[in-house]
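A short reminder: the numbers here are calculations on the coordinates, not readings from a lab. Please read these numbers as outputs of a predicted model, since none were measured by experiment. Note: ideal-geometry Cβ built from the backbone for every residue, glycine included; neighbour counts use all protein chains shown.
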Amino acid sequence: MTIKAYAAFEAKGELKPFEYEAGELGAFEIEIDVDHCGICHSDVSMIDNDWGMAQYPLVAGHEVIGRVAALGSHVSHLAVGDVVGLGWHAGYCQTCRMCMGGDHNLCNDAQGTIVERHGGFANKVRAQAMSAVKIPAGLNPATAGPLLCGGITVYNPLVQFNVSPQARVAVVGIGGLGHLAVQFLRAWGCEVTAFSSNPSKEQELRAMGAHHVLNSKDAKALKKAAGRFDLILSTVNVKLDWNAYVATLAPKGRLHFVGATLEPLDIGAFGLIGGQRSISGSPVGSPRVIEDMLNFAALHNIEPIVEPYRFSQINEALDKVRNGSPRFRVVLSH
């Protein structure tokens, strides 16, 4: 089976047409005809080798929406023609303590969809069947792709920390992840505050579901919010004054990172000890949590705000994500 794709052949390189032989379909695998694929900043990080683990030629794309085209001999829970989504992971060992406990996303041997294998910037992609999740009828396939990475990344902490519907939660960074976090938190029942460096976005943020909007560049506003939040979700990948944000946490509050901030966190211990506060982080979720997230999104009409591109425009779309200017996610379609 020849798969036609777009690949980077060097760090920061332009994506060019690329073909590869997929070989025989594994007994526990499926082949997916790709209809749509989001572009996540993690795709850019892999293409540009920001994390030092890229192997070229590299076919990125891990927010895949498509139709099952072929089934391995041991796959029985899916059928040809099913509309499925494939996110960051394309497979798991299924035997380790994490997998056996349902935390497949924490499996040390999990296979990244775009790490040491080829992803969804292609006409087809293959994956372990259990890593693909059916798309509920209530979701729009053309916009649902970002839920498979950005959506599950901000939804997973709500489940892992048993966040109360009465919790006061703030979101730092209202971009690709943050705009989804605001929607999920509002539907969850939380009192939602959006931290934004652009005051002109206040009306838009309230329309998304934010009850309050605070100017993150206003030191007085941060001080006024002291002791207010039960949870802060940080979606940014830049260094901020984290001690100022810790000070806005209520006793037993948590500053939780889902954005990949590469610089070390400069956080004083006394700000944590005095209020018994916590610092944590999490990746994407397990297939079960992804399924629950998709059903929750369908029930509450949660939809990523996307800019659509054709696959033939992939380099233009990639540059838009790289330069940080999309509103709020980019999705490619065939």
Stokes-Einstein D (µm²/s) once Rh is taken as the Kirkwood radius of region 267-334 over alpha-carbon pairs, at 10 °C in 1.306 mPa s: 101 µm²/s
Stokes-Einstein D for region 1-80, Kirkwood Rh over Cα pairs, 25 °C, 0.890 mPa s (µm²/s): 175 µm²/s
C-alpha long axis of helix 287-299 to longest principal axis of the chain, angle in °: 70 degrees
Whole-angstrom gap from region 302-329 to region 84-115, using each part's C-alpha centre: 27 Å
Spherically averaged projected area of the chain from its Cα convex hull (nm²): 16.4 nm²
Packing-based order for 274-281, 27-34, 213-220, 89-96, using average beta carbon neighbours within 10 Å, highest first: 27-34, 89-96, 213-220, 274-281
Cβ crowding within 10 Å averaged over residues, with 222-230, 263-271, 48-56 ranked highest first: 222-230, 48-56, 263-271
Burial order of peptide ranges 198-209, 291-302 (average beta-carbon count within 10 Å, highest first): 291-302, 198-209
P(r) tail fraction, region 170-225 - alpha-carbon pairs more than 12 Å apart, %: 59 percent
Diffusion constant of region 151-281 at 37 °C, which comes from Stokes-Einstein with the Kirkwood Cα-pair radius and 0.692 mPa s, µm²/s: 227 µm²/s
Helical mean residue ellipticity (222 nm; -39500 (n - 2.57) per DSSP H run of 4+; nearest 500) of the chain: -6000 deg cm²/dmol
Over 26 Å between alpha carbons, listed pairs Lys201/Lys239; Lys223/Lys252; Lys201/Lys320; Lys16/Lys201: Lys16/Lys201
Of Tyr245, Trp51, Phe9, farthest towards positive along the dipole that unit charges on Lys, Arg, Asp, Glu beta carbons give the chain: Tyr245
Tilt relative to the chain, helix 150-160 - C-alpha long axis, 0 to 90 degrees, to 10: 60 degrees
